[in-house]
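In what follows, a structure is listed as structure tokens, so that the remarks can point back to it.
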Amino acid sequence: DSLFVVQFTLDDGMSYSVESVDEWLAILMKDQNYRINVSIHTLFTSFGKCLCAKDLDGSIHNIPLAVPMRSGISALDETDIVIPMCHAGIIVDITGPLFGPDTSVKVEFYQNVGSFTGWHAFIWRNWTWHLNSEVNHEKYAEEWTKEHQLELVRCASALSVIQNTAAKVGELGMGGYGYLGVCLDSVAICQYAVMKKTTIFPLLLCGQPRMLIINVARKIRAGMQSQNQNTSFEAVVTNIIRAIVNLSTDVDIPPKNICDALDRIEKSMPSKSIFSLVKISRKQASELREHLQNEYYSDSGTLKQPSVSVQL
């Protein structure tokens, strides 16, 4: 018996009982009265902080604010590549008669700074410098079908269970935020599990907490296998484990991973921004990536190996 069931009735009179978010969305996607879109996005964050100034007429104006962060990579001129800190989330956008006429409902998945990993109410602050910094990462996928979107939702829901269980096992406060990664890591894991790559920077999840998450995921999977439960969910957990194993970390970037990191830096930032930092860092990242590819990589894309230069 399922511990969690949602029942609902559509306009055609058909009633449904579902046990998961993706199962619910799959039903709505088949109804032409509903528009469903699942996307991966990053945008600049100031962690809810803002600056304001009062004009002579008494009106209040927002001052654009971003949080600069050292990338850990030196540019060709040996200066640090500094980028604006980004937030990442998986957004589910639903429009349809179940919620009222012309009503759009949005929820967002990510690891929250003060509570848990999972689906949160979507907060869209009307700050121009934030809105203009949004990047939709599903555009980097070779294809983005409804099944890909549903698979992403499955991964997000499964990772919610895994991450929050890991926080409990590790006796970690605030859902393990920081130690078990941040919003960027939670979204990158799901993106990799579906797309077999990530385009998000930075990745902050390190070795020991990775193993904690993996071990918890393995125990959850083993428990399902012993009880012959939900083999599709079991496959999702396996893909999450493989994603965590394959993902790199940007806490200390080895030279062989710098080109990948630079690519993710560029893809996580908008092409244009009111912050000069974006223009500068994009130029630095592009120039360094081109130099490294020419210097250290062969035409096939693999790292050049040492050659014997001394004859005996």
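The values are calculated or read from the model by the stated rules, or taken from the named source; none is laboratory data. Keep in mind the model is a prediction, meaning the values are calculated, not measured. We place every Cβ from the backbone using ideal geometry, glycine too, and count neighbours over all the protein chains shown. These area figures cover heavy atoms from the full protein model, side chains too; ligands, DNA and RNA do not enter into them. Shrake-Rupley method; radii C 1.70, N 1.55, O 1.52, S 1.80 Å.
Between rounded, prolate and oblate, where does region 106-157 land on the alpha carbon gyration tensor, with a ≥ b ≥ c its root eigenvalues, rounded for a/c under 1.5, else prolate if a/b exceeds b/c? Since a/c reaches 1.5 but b/c is at least a/b, the shape of region 106-157 is classed as oblate. Rounded, prolate or oblate: which one fits region 175-312, using the alpha carbon gyration tensor with axes a ≥ b ≥ c (rounded when a/c is under 1.5, else prolate when a/b beats b/c, else oblate)? Note, shape of region 175-312 comes out oblate.
With pairing defined as another cysteine C-beta under 4.7 Å, the cysteines of the chain that fail it are 50, 52, 86, 183, 206, 259. Comparing mean-square fluctuations of 65, 180, 56 from a GNM of the chain with C-alpha springs under 10 Å, the top value falls on 56. When percent of Cα pairs over 33 Å apart is calculated for this entry, the matching label among [x] 33; [y] 23; [z] 50 is [x]. Annotation: per residue accessible area for the chain equals 55 Å², rounded to a whole number [probe 1.4 Å, protein chains only]. Most mobile of 32, 284, 163 per a Gaussian network model of the chain (Cα springs, under 10 Å)? Highest fluctuation among the options: 32. Once you divide the Cα radius of gyration of region 85-201 by 2.2 N^0.38 Å, the number left is 1.11. Longer than 32 Å from Cα to Cα, which of 219/304; 30/168; 54/279; 49/256 are they? Say none if no pair is. Long pairs (Cα-Cα over 32 Å): 219/304; 30/168; 49/256. Fully extending the segment from residue 142 to residue 60, taken as 0.36 nm per residue of separation minus the present Cα-Cα distance, adds 25.1 nm. What is the distance in Å between the Cα centres of region 274-301 and region 122-171? Going from one Cα centre to the other spans 27 Å.
Could you tell me the calculated FRET efficiency between residue 235 and residue 69, based on Cβ-Cβ distance and R0 = 35 angstrom, to the nearest 0.05? So, using R0 = 35 Å, E works out to roughly 0.45. Dipole magnitude for region 166-290: about 200 debye, using +1 per Lys or Arg Cβ and -1 per Asp or Glu Cβ, origin at the Cα centre.
Taking all protein chains as they are arranged and a probe of 1.4 Å, the heavy atoms of residue 52 leave approximately 80 Å² accessible to solvent.
When 201, 47 are compared by accessible surface with a 1.4 Å probe, the order from highest to lowest is 47, 201. Springs between alpha-carbon atoms under 10 Å, Gaussian network over the chain: tell me which of 270, 64, 202 tops the mean-square fluctuations. Its mean-square fluctuation being the largest, the pick is 64. Compactness of region 234-312, taken as the C-alpha radius of gyration over 2.2 N^0.38 Å, stands at 1.50.
When nucleic acids and ligands are ignored and a 1.4 Å probe is applied, residue 19 ends up with an accessible area of around 110 Å².
The accessible surface of region 1-140, taken with every protein chain in place and a 1.4 Å probe, is 52 percent carbon and sulfur. At the residue level, residue 55 shows approximately 70 square angstrom of accessible surface with a 1.4 angstrom probe and all protein chains present. Estimated from helices alone, the mean residue ellipticity of the chain at 222 nm is -12500 deg cm²/dmol (sum of -39500 (n - 2.57) over DSSP H runs with n ≥ 4, per residue). Extension gain, residue 103-residue 272: 0.36 nm per intervening residue step, less the Cα-Cα distance, totals 57.7 nm.
Each of 211, 274, 236 was scored by the projection of its Cα onto the charge dipole of region 204-295, and the greatest displacement toward the positive side belongs to 236; charges sit on the C-beta of Lys, Arg, Asp and Glu. The charge dipole of the chain, taken about its Cα centre with unit charges on the Cβ atoms of Lys, Arg (+1), Asp and Glu (-1) only, comes to about 560 debye.
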